[in-house]
Amino acid sequence: MTTQPRRLYIFTGKGGVGKTTLSKAFVRYLVEHDHEAVYLTFKNQSLSETHKDSNSETTVDGIREISLDLEESARTYIERRLSSKMIAGWIVKTPFFRALINMVPGFNYLIYLGRVLEYGKNNPRMIVVLDAPASGHALTMVESTTNFQNIFESGIIFDDTRKMLSRLNDPDYTKIHVVSLPSQMSWQEAIELKSGLKERTPVDVHITVNNCLYPLVEQNLKDLPSGLREKALNEKRIIEEHQSEMQCILPHSLGINSKTVELDLVGSLSKLI
Amino acid sequence: MTILTKSFEIFCGTGGVGKTTLATSRALSQASSGLRVLLITIDPAKRLKDLLKLTGDSVGEVTPVEVSNIKLDALLMSPEKTIQRMALKYHTPDLASNRIVKILSRPYGGMNEILSLVEVQMQFDSGKYDVIVLDTPPGAHFLDFLEGIGKIQSFFDQSFVELFTYLGSKTVNAGKKFGFGIINRVISGGLRKLLGYLQKVTDAKFIEDFIIAVQIIYKSKEAFLKGLSLQERLKSKSECNWFLVTSVEQGKAQEALEMKQHAKSFMHQDHFLVLNKCLEQEMSDWNPVDVKLQAIKTSLDSREKELKIILKQSFPVVLEFPEIMSLEPIEHVINLTHKWKTYVI
């Protein structure tokens with residue numbers, strides 16, 4: 001049976017669990033299975049006077065990777081709404097606007113999410129893979145659309161936000177992957193994040209456990225140095241105890257740098273669809 | 001390598017590198033030498049929170065704790081409580097009751113970084129501590145905390161100061177009474193135009209509420225500016241130790257390089273790069289025969305070595321901490337406390 005992929009996949013989880021490598025590998029997986037897919041991530045969390053104000057896009061052997069810039073995204077939105085490139089360019093440079101975006105929690109994510117959804121809207125075949133911010137920030141992000149319904153009680157942003165919300169909260173459109181490591185602390189955090197997300201959105205939230213040494217060394221436990229053996233045994237305990245809640249368990253990759261790890265992962269990602 | 005004791009110690013880093021555990025162990029190591037230490041932490045994992053007894057009523061309050069017979073004070077930041085203390089200390093009750101300020105000071109809101117600095121300043125003013133260890137909010141990036149401070153500066157930058165001095169408190173009341181139109185009329189041309197445009201996409205009421213909130217924050221500027229002046233002291237070599245934490249697990253060498261570029265404007269140059277969760281020592285005597293195990297060793301080894309080479313080229317001092325193979329946070333903290341001791345005379 002082939003499952004029809006969703007249109008938006010959001011990867012989140014504690015920092016350092018391998019979100020970036022995994023989301024890039026997943027785009028590669030989709031492309032190898034004849035889908036159109038793009039990797040998106042957020043370049044910056046706030047507007048500053050110094051940073052360069054454009055998206056950076058690279059294509060690495062057929063895989064599109066785009067790092068969205070906040071100022072660019074804000075400008076594009078205002079430009080479309082006020083139908084003036086010049087005014088939009090001026091507004092995003094004013095201190096008042098910078099303060100507004102930087103201080104109001106989630107405003108940056110609202111702008112980014114709007115931009116992310118554009119990619120899906122403009123091309124009905126496009127699958128967007130979003131390498132999202134870590135844990136707490138992910139909650140702010142998911143919450144931002146709802147919050148802004150409350151903050152702005154009417155107006156264009158209010159209407160736009162409502163439209164965004166209906167997409168993001170559509171289980172046929174969006175799926176969220178929480179990435180975790182097979183350690184006690186990381187697992188605990190993944191579970192907390194998953195339940196936090198479930199409180200805020202009806203879409204599927206699945207947990208993937210990344211970089212597991214244990215299944216790899218199952219037959220060789222006695223040959224490991226004592227510390228690594230203990231690490232593998234801790235992983236075993238966590239995996240056995242919580243297996244039913246883990247949608248996907250990915251073994252430690254034998255790649256020697258992030259690129260080889262990414263290529264190595266591609267073959268194990270069918271469960272993430 | 002010796003790390004001298006300073007009045008302030010700041011831990012920066014992305015989530016999941018063990019920043020809070022390292023800051024806690026550092027605070028304990030200082031306290032065990034008889035120093036009066038306050039640990040201010042932001043977002044510890046639940047089990048570490050339990051260990052430090054920072055749950056329930058303790059949240060946002062200075063709490064005496066004892067770990068492995070070492071005593072120190074700990075404070076789990078609650079932006080809301082910090083705002084309340086500021087309102088009390090500086091006699092600005094509006095600060096604690098305004099709707100928008102409440103939204104801004106929510107976790108992950110725009111005011112977290114400045115509020116933790118204000119909190120450090122207020123605790124330092126109490127004169128009760130030799131050392132204050134600050135575990136900063138986790139960012140997606142090393143620099144998020146440092147750059148966050150700049151956000152509040154844009155509140156107090158020239159155009160804002162002029163604007164809100166000009167508006168004054170009377171305008172707030174007038175705005176409340178007569179609606180947004182009056183505020184509109186008194187605001188100078190450029191800003192009025194901007195607000196007009198913004199109103200088209202948001203709504204008038206939000207912009208009005210936001211301006212009132214900014215004025216309230218501006219009235220408490222003494223507290224915020226003190227927080228900002230603390231930032232200057234943190235740049236001084238004699239007053240502050242900066243620890244930038246990353247982990248082998250994360251292996252984000254690129255980030256470290258970017259860090260080097262940006263760090264200059266935020267902190268002094270003899271900061272420490274802390275590399276956590278090193279496996280090198282663990283694997284040094286391991287010579288597996290099995291081909292698969294050899295491949296595992298090579299993958300772990302080469303990723304760690306590559307990272308170390310890059311870090312050592314980029315940072316004046318790299319402090320290495322081993323990965324602690326234990327399920328218990330208390331063992332992590334105690335092990336790392338001992339490790340810190342090896343860096344101190």
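The values are calculated or read from the model by the stated rules, or taken from the named source; none is laboratory data. Values in this document were obtained by computation on a predicted structure and should not be read as measured data. Backbone-built Cβ (ideal geometry, glycine too); neighbour counts: all protein chains shown.
For every residue, the table says whether it meets (1) under 18 Å from the mean Cα position of the chain (by Cα); (2) of a type in the set (Gly, Ala, Ser); (3) modelled with pLDDT of 90 or more.
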| residue | (1), (2), (3) |
| --- | --- |
| B:Ile42 | yes, no, no |
| B:Leu54 | yes, no, no |
| B:Thr63 | no, no, yes |
| B:Leu76 | yes, no, yes |
| B:Ile83 | yes, no, yes |
| B:Arg99 | no, no, no |
| B:Ile103 | no, no, no |
| B:Arg106 | yes, no, no |
| B:Met122 | yes, no, yes |
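Figure legend. Inter-residue proximity from segment A:192-220: first residues under 14 Å from A:Leu233 (Cα atoms), second residues basic (Lys, Arg) and crowded, with 18+ Cβ neighbours inside 10 Å, beta-carbon distance below 6 Å, spacing 6+ or different chains. Indicated pairs: A:Tyr214/A:Lys236. Considering A:Glu192, A:Glu262, the condition of being of a type in the set (Asp, Glu) and farther than 27 Å from A:Ile127 by Cβ is satisfied by A:Glu192 alone. When segment B:241-276 is filtered for residues that are within 9 Å of chain A (Cβ to nearest Cβ), within 16 Å of B:Ile324 (Cα to Cα) and of a type outside the set (S, T, N, Q), only B:Glu249 remains. Looking only at segment B:27-51, residues that are more than 13 Å from B:His332 (Cβ to Cβ) and in a helix (DSSP H, G or I) come to 7 in all. Can you tell me which residue is surrounded by the fewest Cβ atoms within 10 Å (Cβ to Cβ) among those in segment A:25-66 that are modelled with pLDDT under 90 and among the polar types (S, T, N, Q)? My answer is A:Thr50. Listed by position, the helices (runs of 4 or more DSSP H) inside segment A:1-115 whose residues that are within 14 Å of chain B (Cβ to nearest Cβ) and out of contact with any strand residue (DSSP E or B) (no Cβ under 9 Å at 6 or more places or on another chain) number at least 3 are A:70-82, A:85-93, A:95-103.
Looking only at residues that are among the basic types (Lys, Arg) and touching a strand residue (DSSP E or B) at 6+ places or on another chain (Cβ under 8 Å) in segment B:277-331, which one is farthest from the other protein chains (Cβ to nearest Cβ)?
Step by step, filter segment B:277-331, then rank; the result is B:Lys312.
Each row is one residue, and each column tells you yes or no for (1) of a type in the set (Lys, Arg); (2) touching a helix residue (DSSP H, G or I) at 6+ places or on another chain (Cβ under 6 Å).
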residue: A:Gly120; (1), (2): no, no
residue: A:Arg125; (1), (2): yes, no
residue: A:Val128; (1), (2): no, yes
residue: A:Met141; (1), (2): no, yes
residue: A:Ser144; (1), (2): no, yes
residue: A:Asn169; (1), (2): no, no
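Take B:Lys312 and tell me if it is surrounded by 13 or more Cβ atoms within 10 Å (Cβ to Cβ) and either in contact with a Lys or Arg (Cβ under 7 Å, 6 or more places away or on another chain) or under 30 Å from A:Asn220 (Cβ atoms) (or both). Taking the combined requirement at face value, the residue does not satisfy it. For segment B:3-18, residues that are within 11 Å of the chain's Cα centre (by Cα) and either surrounded by fewer than 19 Cβ atoms within 10 Å (Cβ to Cβ) or among the hydroxyl-bearing types (Ser, Thr, Tyr) (or both) total 1. Being under 30 Å from B:Tyr197 (Cβ atoms), at the interface with chain B (Cβ under 8 Å from one of its Cβ atoms) and touching a Leu at 6+ places or on another chain (Cβ under 9 Å) is the filter here; which residues of segment A:148-196 pass it? Across segment A:148-196, the qualifying residue is only A:Ile157.
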